[in-house]
Amino acid sequence: MRVVGDNIEKPGIYPLAQALKMAEKMNLDLVEISAQTDPPVCKITDYQKFLYQKRKKAKEMKANASRIVVKEIRFGPNTDEHDYQFKLKHAIEFLKEGAKVKAFVFFRGRSIVFSEQGEKLLLRFAVDLEDYGKAEQMPKLEGKRMIMMLSPNKANVKKK
């Protein structure tokens, strides 16, 4: 196995017994870092310190990971112009914040007959938001809802 560590004078490939003796001589542990490689990589270090650093690194990675927020905007097939503008303004704010927008037209009862009207509304919505975000998914009918996803443009996202 390949042995590495901070306080090893000659890192290299050693048999298991010799690597264990080296670790024991330094009052440290032999920790397997990568088992998939050939030969496996082991590090001579304090095991508790190794676990602590691993947890710390995982916590940092989790803190730096960006969370995707999806905001929903609901329309009816016969949404009025004022309501449309109001919802458009909210969608612009959401996209500027960096959230994805899920716009959908909800059809009730027989209003499913007006599915073309709902599709036109969503396409118009996508065109009006072209400067702030792009359509990830074109309008598609799922049950009684016609759904379209929009993701923000990186240039317009406000920094927190």
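Every number in this text was worked out from the coordinates using simple rules, so none of it is lab data. Since this is a predicted model, take the numbers as computed values, not measurements. Every residue, glycine among them, receives a Cβ derived from its backbone with ideal geometry; neighbour counts consider all protein chains shown.
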Assigned charges on the beta-carbon of Lys, Arg, Asp, Glu; segment 70-156 dipole about Cα centre (debye): 320
Considering only Leu95, Leu123, Leu51, give the residue with the highest GNM mean-square fluctuation for the chain, with springs between Cα atoms whenever their separation is below 10 Å. Leu51
Would you mind checking Lys10/Lys56; Lys62/Lys100; Lys62/Lys158; Lys25/Lys54 for any pair whose Cα atoms are more than 23 angstrom apart? Lys10/Lys56; Lys25/Lys54
Of the candidates Leu28, Pro15, Ile92, the farthest towards the positive dipole end of segment 1-116 (Lys/Arg Cβ +1, Asp/Glu Cβ -1, centred on the Cα centre) is Leu28
Over 24 Å [Cα-Cα, segment 2-160], rounded percent: 57
Using alpha-carbon coordinates, inclination of helix 115-128 to the longest axis of the chain, degrees: 60
Inter-centroid distance (Cα atoms) of segment 47-111 relative to segment 21-43, Å: 45
Considering only Gln117, Gln48, Gln137, give the residue with the highest GNM mean-square fluctuation for the chain, with springs between Cα atoms whenever their separation is below 10 Å. Gln48
In segment 1-32, the GluC sites (Glu not before Pro) that sit in a DSSP loop and have at most 10 other Cβ atoms within 10 Å of their own Cβ are Glu9
Under the rule a/c < 1.5 gives rounded, and otherwise a/b versus b/c splits prolate from oblate, where does segment 24-96 land using the Cα gyration tensor? prolate
Between Glu97 and Ser66, how many nm apart are label points set 7 Å from Cα along the C-beta direction? 1.6
If you place +1 on the Cβ of every Lys and Arg, -1 on the Cβ of every Asp and Glu, and leave all else neutral, what size is the dipole of segment 2-64 about its Cα centre, to the nearest 20 Debye? 320
What is the set of long-range amide H partners of Ile33 at a cut-off below 5 Å, with H atoms built 1.01 Å from backbone N? Val41, Cys42, Lys43
